[in-house]
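Take a look at the structure below.
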Amino acid sequence: MHTTNTTRGNRALWTIQSLLAALFAFAGVMKLILPPAMLKGPVALPIDFLRFIGVCELLGAFGLILPVLLRVLPILTPIAASGLTVIMIGAVIVTILGGSVAGATVPLVVGLLACTVAYRRFALA
């Protein structure tokens, strides 16, 4: 049996979405449950702001999967991916300001993947 490029592309998109959802769910939960002392990084950010980012990441993780999976308001998936892209842009900036240009590659790649999901899902919506 031969799969089409569309089927392979859809599988790849779902794989990316699933991995991003797991990553953002983990990151969001950690920002919500860890004590403030463990959330301190090279750039001082208010704990309430970090908790807010954690909530956004957790909601974004659900938004990457549930709307398309349940076929209820699927336009929310690219919107969630766009929001997560914005968060990753901020993460790249904060990482660079903290003095780690090389360390900024991880949030950069995650942001590019989230941007890809947003672009592809907007095209399919």
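Couple of notes before you dig in:
- Being small (Gly, Ala, Ser) and more than 22 Å from VAL117 (Cα to Cα) holds for only one residue in ALA61, ALA12, ALA44, and it is ALA44.
- Cβ-Cβ under 7 Å pairs, at least 6 apart or on other chains, region 82-109 side under 15 Å from VAL43 (Cα atoms), far side exposed (fewer than 14 other Cβ atoms within 10 Å of the Cβ): VAL94/VAL43; LEU97/VAL43; GLY98/GLY41; GLY98/PRO42; GLY98/VAL43; GLY99/PRO42
- Selection from region 49-78 of residues that are in contact with a helix residue (DSSP H, G or I) (Cβ under 6 Å, 6 or more places away or on another chain) and either at pLDDT below 95 or outside any helix (DSSP H, G or I) (or both): VAL68, LEU73, PRO74
- Positions within region 1-46 being within 19 Å of VAL106 (Cβ to Cβ) and among the aromatic types (Phe, Trp, Tyr), in sequence order: PHE24, PHE26
- For region 71-85, a residue qualifies if it is under 17 Å from CYS115 (Cβ atoms) and surrounded by fewer than 15 Cβ atoms within 10 Å (Cβ to Cβ), and exactly one does: ILE75.
- VAL92 being over 23 Å from ARG121 (Cα atoms) and modelled with pLDDT of 95 or more: yes
- Selection of region 1-44 for residues being among the β-branched types (Val, Ile, Thr) and at pLDDT below 95 yields THR3, THR4, THR6, THR7, VAL43.
- Pairs linking a residue in region 52-76 that is under 18 Å from ALA91 (Cβ atoms) and free of Cβ contacts under 8 Å to residues at least 60 places away in the same chain to a residue that is basic (Lys, Arg) and surrounded by 17 or more Cβ atoms within 10 Å (Cβ to Cβ), with Cβ atoms under 8 Å and 6 or more positions apart or on different chains, are ILE53/LYS31; GLY54/LYS31; GLU57/LYS31.
The values are calculated or read from the model by the stated rules, or taken from the named source; none is laboratory data. Model, not experiment: these values are computed from the prediction. In this analysis, Cβ positions are derived from the backbone assuming ideal geometry, glycine residues included, and neighbour counts consider all displayed protein chains.
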